[in-house]
1. Report yes if B:LYS91 is within 8 Å of DNA strand D (Cβ to nearest atom), of a type in the set (Lys, Arg) and surrounded by fewer than 18 Cβ atoms within 10 Å (Cβ to Cβ), otherwise no.
2. Filter the stretch A:105-144 down to the residues that are at pLDDT 95 or above, more than 7 Å from chain B (Cβ to nearest Cβ) and farther than 25 Å from A:GLY45 by Cβ and list them by number.
3. Output the residue which, of all residues in the stretch B:1-60 that are buried (at least 16 other Cβ atoms within 10 Å of the Cβ), not polar (S, T, N, Q) and not in a helix (DSSP H, G or I), is farthest from DNA strand D (Cβ to nearest atom).
4. Answer yes if at least one residue in the stretch A:80-96 is more than 21 Å from B:ALA22 (Cα to Cα), in a helix (DSSP H, G or I) and within 14 Å of another protein chain (Cβ to nearest Cβ), and no otherwise.
5. In the stretch B:61-83, which residue that is among the basic types (Lys, Arg) and surrounded by fewer than 17 Cβ atoms within 10 Å (Cβ to Cβ) is nearest to DNA strand C (Cβ to nearest atom)?
Number of protein chains: 2
Amino acid sequence: MHPMKIEDEIKQPFFKDSFQKAYINLVFTAGWLGQRQAAVFRDYGITLPQFNILRILRGQHPKPATVNLLIERMLDKTSNASRIVDKLEAKQLVTRTTCPSNRRAVDICITEAGLQLLQQMDDAAVPQATGLQNLTPDEAAQLSALLDKIRD
Amino acid sequence: MHPMKIEDEIKQPFFKDSFQKAYINLVFTAGWLGQRQAAVFRDYGITLPQFNILRILRGQHPKPATVNLLIERMLDKTSNASRIVDKLEAKQLVTRTTCPSNRRAVDICITEAGLQLLQQMDDAAVPQATGLQNLTPDEAAQLSALLDKIRD
DNA sequence: TTACATTAAATGTATGTACATATATTTGCC
DNA sequence: GGCAAATATATGTACATACATTTAATGTAA
């Protein structure tokens, strides 16, 4: 199931124009990458969004983070950080305590177990498996530039 | 909330390398585009996956499609076509009848109302609103080539 | 023809997304 | 102080994803 042009992947012989083709390719490839990543994370008992939140928390450690800070730094701003933290708390990878200085807010901290899990994944070079290995550094930069331009 | 480099979007001042940056940019941009599309579809009472299935069914019309065929042509192969068809059936945009020649399979057809909805969206140039307007045709082709290479 | 594997679709369960709303706390203004 | 607006988080609901399991129909081989 290796090299495949996008036309073959979705069995659509042609596209209206290069814009439609690029769009479909973009959505498809993002899903493709996400699924590969998810498969790796599954071995560690967490999901990609959970991993991303853990990573943010490690960046703050030993300082706590609030839900607001997590949302700010997440890739998907509209997702529900609160419920992702629920799952991490259930796995005892993070702790939740109401912030003493502002009792509306919640201080979220990564636990020792959480840090160990991330370390274990680092050691296995999991985050490096982004799946863009087929590009040269130059091509990766080109890709970033094109994507930035889309959102301008 | 317009031009923003990816560093600003997720408030991460720098990336490990151009691969990590391109990866994060790719996932973020795909989500960004998806959200814009979803907002447009909402006006028509359907979601993006529902729209994609309707489009496939129109391509087959007046021949029916099976669930298997839908999965083959969908962008996300692992999603659950059966349940997306449920929603379309509830809105009477498609019909489901067991295939006479193979009673395991189900013949799915787009209804007149479904065709009219798509026509209405065509007229409003909804599918054209892919959001890649900022690229030149050349850049769109470049983007497609890079994405194909990622999956090689 | 019965028995077993294969195929097509549906269903179950956990997770996440998207958006609206609710609850509690704090802040600012009179 | 008291009250309205703003803020921080949580909850509700609909939809979709991801993957395992189930149900029914078909194919195949002893």
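The values are calculated or read from the model by the stated rules, or taken from the named source; none is laboratory data. Keep in mind that what you see is a predicted model, and the values were worked out from it rather than measured. Cβ: placed from backbone, ideal geometry, glycine included. Neighbour counts: every protein chain shown.
1. no
2. Answer for the stretch A:105-144, where residues must be at pLDDT 95 or above, more than 7 Å from chain B (Cβ to nearest Cβ) and farther than 25 Å from A:GLY45 by Cβ: A:ALA105, A:ASP138.
3. So, considering only residues that are buried (at least 16 other Cβ atoms within 10 Å of the Cβ), not polar (S, T, N, Q) and not in a helix (DSSP H, G or I), the one farthest from DNA strand D (Cβ to nearest atom) is B:PHE15.
4. yes
5. Among those residues, the one meeting the criterion is B:ARG83.
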